[in-house]
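This report refers to the structure that appears directly beneath it.
The values are calculated or read from the model by the stated rules, or taken from the named source; none is laboratory data. Quick caveat, the model's predicted, so the values are computed rather than measured. Note that we place each Cβ from the backbone using ideal geometry, even for glycine, and neighbour counts take in every protein chain shown. Quick note on the areas: whole protein, heavy atoms, side chains included, nothing else; ligands and nucleic acids left out. Shrake-Rupley method; radii C 1.70, N 1.55, O 1.52, S 1.80 Å.
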Amino acid sequence: MSDSGLGFSHNRFIGLIVVIGVLVLLFEGISIFGGNIIKAQVERSTSKNHPNKNIEKRLQPAIALSQKEAANNDGLSDDVVDAVVNFVAADSCNQVIEGNDMLQFNLKEMVVSSSCSEITVTLQHTGAMPANVMGHNWVLTNTADFMPVATAGGGAGMANNYVPVNDARVIAASDVIGGGAETSVTFSSDLLSAGGDYTFFCSFPGHYAIMKGSFVVRD
Ligand code: CO
């Protein structure tokens, strides 16, 4: 029997080396596998909890909240805040508003400058329905006159664009138009005063309850 000098046979010594080698490789494999699991775990919890990771995403809701809070603190709606931010006095003398087939204007507020001597409002009907079915016009009155004028307009009929004839309460009124059409009305600002309470609306029967908004005159 040959001897390795360590009390083993030569073959058993080589066998032992091979077994140790296999165990080392196996252990290393398990370590890498386990390490990856830990890495993935750390990655997940880091992106969730680490303050510097995904910083933009984490900040976005905070900014949105502070803007809304600022608007609420001023007692202004988001629409008014937008209008004020984007307001250019000279540009405000020419207003464009859209009406559609779903009984909607695209604006809830229109803001003009008191420096406008004349104001032109262009109404675009972006729908496809005809004027006798889904007609829209643009009428402006003091808010106090809005309901009575809208009601009187219904009685005035299509021939009068659903606007009471020779009614001093009407500050401005466009023709009634159908889908794909456009019309405009130009009126003097003499009947307007800064800070006044004005309402624009569509006087087509039944539309004024939804198709309306506030018309703001700024200093
Ligand atoms: Co209408």
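Annotation: for a label point projected 7 angstrom from Cα along Cα→Cβ of residue 115, residues of the range 201-219 with backbone N closer than 18 Å are 216-219. Scaling against 2.2 N^0.38 Å puts the C-alpha radius of gyration of the range 98-219 at 0.97. Think of a 1.4 Å ball rolled over the protein heavy atoms: the range 84-219 then has 47 Å² of accessible area per residue.
When +1 charges are put on Lys and Arg Cβ atoms and -1 charges on Asp and Glu Cβ atoms, the dipole computed for the range 87-218 relative to its Cα centre reaches about 200 debye. Each of residue 24 and residue 188 was given a label point 7 Å from its Cα along the Cα-to-Cβ line. The distance between the two points is 10.2 nm. By a 1.4 Å probe calculation restricted to protein chains, residue 96 has an accessible surface near 80 Å², given to the nearest 10. Segment residue 12..residue 106, full-extension length gain: 24.9 nm, with 0.36 nm per residue of separation and the alpha-carbon distance subtracted. Ranked by solvent-accessible area (1.4 Å probe, protein heavy atoms only, all chains present), the residues 102, 129 order from largest to smallest as 102, 129.
Fully extending the segment from residue 32 to residue 169 would add 41.0 nm, taking 0.36 nm per residue of separation and subtracting the current Cα-Cα distance.
Assuming charge only on the beta carbon of Lys and Arg (+1) and of Asp and Glu (-1), the dipole of the range 147-219 about its Cα centre is about 160 debye to the nearest 20.
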